[in-house]
Amino acid sequence: MKLYGAPNPAPNPRRVRIFLAEKGVSIPETFVDMRKREHKAPAFREKNPAGQIPLLELDDGRVLSETVAICRYLESLHPDPPMFGRDPFESAEIEMWIRRVELMMMVPVGMFWRHAHPFTASLLTQYKDFGESNRERTAEAMTWFDRQLQDRPFIAGEAYTMADICALTTVDFADFIGLPIPETAETLRGWHARVTARPSAKA
Ligand SMILES: N[C@@H](CCC(=O)N[C@@H](CS)C(=O)NCC(=O)O)C(=O)O
């Protein structure tokens with residue numbers, strides 16, 4: 001198997017690396033040069049028509065993209081320690097939290113990145129006001145997650161899961177582009193310190 005990814009702070013390839021580090025599994029990774037737009041080149045689009053990374057290529061040539069789908073496949077090959085729950089209810093609960101992280105937090109972070117950040121200015125027509133409006137949406141989402149974490153150590157409950165990996169990479173990328181965790185979100189800050197202290201966070 002082979003992964004196509006990119007170095008940090010690209011959040012999605014990092015999710016797969018953290019996931020693998022938690023499992024103690026290593027898969028060779030080729031970095032796609034996003035500045036040279038290699039992920040949009042025809043050869044790469046043949047593997048993933050969406051022109052995005054990460055991508056997992058199996059030895060028989062089959063490919064999977066979409067970070068969570070890749071990790072779900074790897075989870076079935078390497079079930080321990082479980083990152084998607086231990087029973088059907090936990091698995092669905094973790095899915096619920098992953099969707100909340102992606103839709104409530106990653107969407108405004110991504111929109112700020114595309115529409116307000118100078119690094120992406122040459123890639124599309126930016127709607128700056130819309131982009132900037134996502135600064136507040138992101139802070140609101142982080143504040144919402146801060147409240148949810150009041151009664152549990154990790155995003156989906158008592159155990160560290162894929163939902164934490166998705167949230168950590170989102171929060172770190174948000175910080176990189178100028179959207180830090182609000183000062184008032186102390187519980188989210190505590191969670192962030194806890195998950196950052198895990199060796200896998202360096203992946
Ligand atoms: N929904 C995809 C998102 C992947 C994604 O947005 N990857 C970024 C790099 S972190 C990318 O390829 N961006 C280029 C683009 O979207 O055109 C996933 O979960 O894997």
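Arrange the peptides 164-175, 107-118 so that the one whose residues have, on average, the most other Cβ atoms within 10 Å appears first. Spell out each step's value before the answer.
Numbers: 164-175: 24.8, 107-118: 19.0.
Most protected by this proxy first, the peptides run 164-175, 107-118.
Under 1.5 on a/c is rounded, so check that first for the range 1-148, then, if it is not, pick prolate when a/b is larger than b/c and oblate when it is not; a ≥ b ≥ c are the square roots of the alpha carbon gyration tensor eigenvalues.
Note, shape of the range 1-148 comes out oblate.
How would you rank 57-63, 189-195, highest first, on the average number of other Cβ atoms within 10 Å across their residues? List each step's numbers first, then the result.
Working: 57-63: 10.1, 189-195: 17.4.
The most tightly packed comes first, giving 189-195, 57-63.
Once you place label points 7 Å from the Cα toward the Cβ at V63 and D175, how far apart are they in nm?
Distance between the two pseudo-spin positions: 3.3 nm.
With each label point set 7 Å from Cα along the Cα-Cβ vector, what nm distance links A43 and R152?
Label-label distance for A43 and R152, simple model: 4.4 nm.
Could you provide, to the nearest whole Å², the per residue accessible area of the range 1-65 with probe 1.4 Å?
For the range 1-65, the per-residue accessible area is 52 Å².
When the Karplus curve 6.51 cos²θ - 1.76 cosθ + 1.60 is applied with θ = phi - 60°, which whole-Hz ³J(HN,Hα) does each residue of the range 155-169 get, with x for Gly and Pro?
Once rounded to whole Hz, the list reads 3, 9, x, 7, 10, 6, 9, 4, 5, 5, 4, 5, 5, 4, 5.
Express the accessible area of the range 120-203 per residue in Å², computed with a 1.4 Å probe while the remaining protein chains stay in the model.
Dividing the accessible area of the range 120-203 by its residue count gives 49 Å².
Using the Cα gyration tensor of the range 6-87, with a ≥ b ≥ c the square roots of its eigenvalues, what is the shape: rounded (a/c below 1.5), prolate (a/b larger than b/c) or oblate (neither)?
prolate
Tell me, what HN-Hα J-couplings in whole Hz come from the Karplus equation 6.51 cos²θ - 1.76 cosθ + 1.60 at θ = phi - 60° for each residue of the range 9-20, using x for Gly and Pro?
x, 3, x, 6, x, 5, 4, 5, 5, 5, 4, 5
What does the C-alpha gyration tensor say about the overall shape of the range 140-190? Classify as rounded when a/c is under 1.5, otherwise prolate if a/b is larger than b/c, or oblate.
oblate
Would you work out the charge dipole size for the range 49-203 about its Cα centre, treating the Cβ of every Lys and Arg as +1 and the Cβ of every Asp and Glu as -1, and quote it to the nearest 20 debye?
In total the dipole reaches around 320 debye.
Full-extension gain between R35 and L77, please, as 0.36 nm times their residue separation minus the C-alpha to C-alpha distance.
Values: separation 42, 0.36 × 42 = 15.12 nm, distance 3.30 nm.
The R35-L77 span can extend by a further 11.8 nm.
In the range 110-203, carbon and sulfur make up what percent of the accessible area (probe 1.4 Å)?
Summing carbon and sulfur atoms, their accessible area is 55 percent of the total for the range 110-203.
Out of residues 5 or more away from G5 or on other chains, whose amide H comes under 5 Å of its own, with H placed 1.01 Å from N in the peptide plane?
Placed amide hydrogens put T30, F31, V32 under 5 Å from G5.
With a cut-off of 8 Å between alpha carbons and a minimum separation of six or more residues, what is the relative contact order of the chain in percent?
22 percent
How far apart, in nm, are the 7 Å Cα→Cβ label points at T120 and A193?
Those two pseudo-labels are separated by 3.1 nm.
Can you tell me the convex hull volume per residue for the range 82-203, based on C-alpha atoms, in Å³ to the nearest whole number? Walk me through the numbers before you get to the answer.
Working: hull volume 13.1 nm³, N = 122.
Hull volume over Cα atoms, normalised by residue count, gives 107 Å³.
The values are calculated or read from the model by the stated rules, or taken from the named source; none is laboratory data. Remember, predicted model here, so these are calculated numbers, not experimental data. Positions of Cβ are backbone-derived with ideal geometry, glycine not excepted, and every protein chain shown enters the neighbour counts. All accessible areas refer to the heavy atoms of the entire protein, side chains included, with ligands and DNA or RNA removed. Shrake-Rupley method; radii C 1.70, N 1.55, O 1.52, S 1.80 Å.
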